[in-house]
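Read-outs: derived from the displayed coordinates by stated rules, not from any lab. A quick note: this is a predicted structure, and the numbers were derived from the prediction, not measured. Glycine gets a Cβ as well: all are built from the backbone with ideal geometry, and neighbour counts include every protein chain shown.
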Amino acid sequence: MAIYDLKCNECGNEFEKFVTGFLKDSDKECPDCNSREVIQVFTSFGIGSSGSGGGGSYGGGCGPVGSPFG
Ligand SMILES: [Zn+2]
């Protein structure tokens, strides 16, 4: 279960999407105006680990990020 923060570009509605696995393109739909102009909002990192055990590979993607102050 993962929570994604999304924002609608049409009405500016911000909402959260609970999905299992990765966010699919079909999940990007505004519940307010049913617009597909939805972007993913990346909030500040606050990953807290709870519980014990568990395992798995954590695949992080590193893409080219353009810096405004190069
Ligand atoms: Zn909307």
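Tabulated values for the structure
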| read-out | value |
| --- | --- |
| Exposure proxy ranking, count of Cβ atoms within 10 Å, fewest first, for Ser26, Ser35 | Ser26, Ser35 |
| Sequence of Cys30, Cys11 once ranked by neighbouring C-beta atoms within 10 Å, starting from the fewest | Cys11, Cys30 |
| Gyration tensor (Cα) of region 2-41, equivalent ellipsoid semi-axes in angstrom | 16, 9, 8 |
| Relative contact order of region 2-41, defined on C-alpha pairs under 8 angstrom at six or more residues apart (%) | 48 |
